[in-house]
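Let me begin by presenting the structure, written as C-alpha cells, before commenting on it.
No lab work stands behind these numbers, since they all come straight from the coordinates. All values derive from a computational prediction rather than experimental measurement. Using ideal geometry, Cβ is built from the backbone for each residue, glycine included, and neighbour counts are taken over all protein chains shown.
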Amino acid sequence: MRKEVVTPPPDTVAPVRARIPRPRRSLENLRPRIMRAPLSLTGAGLAAFFFCLAFTPSLLPRTGILQGVVAGITAAMGYALGTAIGALIRIRFRFSPRAVRIWWRVLAVLLLPMIATCLVLGVRWQRELRLRLGMAPAQEYDIVRTVGASLLTFGLILLIARALRLATHGCAQVFRLIVPDRAAYCAGTVVVAVLSYSAFDGLLVAHLFAVADRSAAVINNGTGNGVHVPGSALRSGGPQSLVQWDTLGRQGRSFVDGAPSRAELTTFAGRPALEPIRLYAGLASAETLQGRAELVVREMDRTGAFQRKVVALFTPTGTGWVDNKVPQSLEYMYAGDTALVSMQYSYLPSSIAFIGNRSEVVDAASALITAVQGRWRALPADQRPKLLLFGESLGTYGIEVTFGSAEALVAGADGVLMEGPTFANPIHQRLTRERAAGTPVWDPVYPGLPVEFADTAAELRDRPGPRPKVVYLQNSSDPVVWWSWSMLWKRPAWLRGDRGPDVTPSMHWFPWVTFWQTTCDLVFANTTPTGHGHVYKTTTVDGWATIAPPPGWTAADTVRLRDRLGG
C-alpha cells in the first residue's frame, strides 16, 4: 500500500515563515565585525590618491614628520569619502569575493608605483620650495619617517572612526527594541554625534583654551630676558610715569625698553638725536579699554609727545606684542624725534584671540585711535605732528573695522602701514575685489585712492607717481592673507594666471586638499625667513619710507637702515 504525502496548501506556508523570529546581531558579533573588518576597496583607492595629493607643494615647506602627519590626515579624508562611495555602490551592485580580490590586485599594481613616484617628487618639491623661500635644504627630510608618521596618523584616525561606528551600532541595538531598524540607526548616529561633539568641544577644546589662557597669563606676568625698568621719564613704567611698571605685561615691558639709545641714533643719523618716547598701557594699567586709552593720552601730554615730529599708534598682536624692528625703523629714520604708543587688549596669541573674540582688537584699536585723534585734532593744524598708524596681522583687522571704509582709512591719518592683513579684513577684501583689471590679486592696483600694495618691499623704492597714504605689505606666500573657505570648492585667484614670486609653479589646486594644506600652512607661517610667509620685520623700513619719509631720505638710506636692523 502506497503512502500518500500530503502537501499543505501554499497559503498556509507563508504564515508559518512569518512567525520565524529574525536573528539579531549581538554586540559580541558586532565588535569583531567592525573592529577587525578589512579595509574598504574604494576607500583604500581614494586614500592612496589623497595621500599622493598631500605631497604636492603648498605655500610653505614642511619637515618630514609634519609632512607625514598632513599626508596621514589627508589619506583618512580620502578613505572616508571612498568608503561612502563604496557603500552607495553596494546598494545597486554585488561583487563576489573573487572579483574583490582581483580589484585589490589591480589597485596595488596601479597605486604602489604612483605612491612611490609621489614620495620622490614630494622630496624634490619640498627642496625647491625651501630654496625659493631662501631656506637651506632640510637634511632631516626622511621618506621612511614621513611614511611612518603618515601610517601612524592614518591608523589612529581609522581606529577612532571604527570605535565611533561601533558605538553607533551599540546604541542602535538598544533603540531596535522599541523602534524599526532605520530609525534605530538614525537615533544611534545622532546620539553618538552629539556625545562626540560635546566631548570634543566641552572637554578637549574648552580644556585647551583654559590651559592656553592660564599659560598666557603666566607668561604675561613675566619679563623678557635683558628687559629692565627704564630710567627715563619718557617711557611708561619709568620715573614720573602714570603707568606702573608691573601693570605693563611682558610685551609692554619689552616695548618700552626696546628703543635704541641716543648714541646709536646719533651715529646712524650723523647728527644729534633725541631720546625717543615710548608709551604703553597694559591690561592691568586701567580697568577698562577707555580708561587705558585715556591713560595713554595723559602719558603723551606728560612726556610732550605731541611736540615730536611723528606720533605713531601701534595696534599689537593678540599678546600685546609689537615687533621691535617696526618702531625702531621710525626712530632711526627720525633720529629719535618720535613718540610711539601702543595698548594691550589681550594676552592670548593672535590665533586664539582671532577665533575667540575678534571684537577685543576692534574695541582696543577704536578706543586708542579715537582718544589720540581727538587730542591731535585739537592742536592747530600747523603744529600737529605726523600721525601714523601701524597694524600687523590681527592688528590690521582692528584698524580696518575701526574706520569701516577705505576712504575713512585714508583720511584718518597722515600714513597707515598694514603688514600681513588677515583674510577676514573687510577693507582689504573690497580693495582686492575691485582692483584694476589685469592686475594680480597678490599685487593689485586700486585706482582712485592713494593705496599701495606690495608683495615685496623692494618694489616700493622705485615706484612712480604720487606718494600713497596707505601701504599694504602682503607676502605672496603668507597663508594668513590668502586663506579662505572658498578654496574648498573653487580655485583661488592667487593660483590663477601670473603667480606671486613665492608661489611655486608646481602648486596646483585640488578641491578640499588645497584648503587643508593652506590651513596647515597657517600654523607654521611665522617660521620662514623675513619677507616670506607671515614674517615681515625689516620690510617695514620700505613701508615707512614710502608713506612718511623724513626730508632728504633716499633709497640708499632705506637699504642702510635695513642692514643696520638686520633680519
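Things to note:
- Subtracting the Cα-Cα distance of VAL445 and ARG298 from their residue separation scaled by 0.36 nm leaves 48.9 nm.
- Near PHE268, once Lys and Arg are set to +1 and Asp and Glu to -1 for all other residues with Cβ below 15 Å from its Cβ, the sum equals 0.
- Positive-end residue of TRP509, HIS532, ILE178, charge dipole of the chain with Cβ unit charges: ILE178
- Average Cα contact separation per residue, the stretch 389-456, under 8 Å, 6 or more apart, as relative contact order %: 29
- Annotation: lysines with alpha-carbon distance below 16 angstrom to LYS537 (same-chain offsets under eight excluded): LYS325.
- Protection-proxy order for peptides 272-282, 168-178, each taking the mean of Cβ atoms within 10 Å per residue, highest first: 272-282, 168-178
- All lysines inside 27 Å of LYS490 as judged from Cα atoms, apart from same-chain residues fewer than 8 positions distant: none
- Based on the reciprocal of the average 1/r between different C-alpha atoms, the Kirkwood radius for the stretch 382-425 equals 10.9 Å.
- Only the Cβ atoms of Lys and Arg (+1) and of Asp and Glu (-1) were treated as charged; on that basis the dipole of the chain about its Cα centre amounts to roughly 3200 debye.
- Within the stretch 26-175: Cβ-based charge dipole about Cα centre, in debye rounded to nearest 20 (Lys, Arg +1; Asp, Glu -1): 500
- q = 0.09, 0.13, 0.20, 0.21 Å⁻¹: log10 I(q)/I(0) that the Debye formula gives for the stretch 26-175, counting C-alpha atoms only: -0.37, -0.69, -1.22, -1.30
- Given the alternatives (i) 25.1; (ii) 27.6; (iii) 23.8, Kirkwood radius over Cα pairs in Å as computed for this entry is given by (ii).
- The stretch 255-283 and the stretch 492-551 have Cα centres lying 31 Å from one another.
- Exposure proxy ranking, count of Cβ atoms within 10 Å, fewest first, for TRP482, TRP544, TRP245: TRP245, TRP482, TRP544
- Charge dipole (the chain, unit charges on Cβ, about Cα centre) - positive-most of PHE55, GLN126, ALA545: PHE55
- P(r) for the stretch 263-332, from all Cα pairs and a bin width of 5 Å, is 3, 13, 21, 22, 19, 12, 5, 3, 1 %, short bins first.
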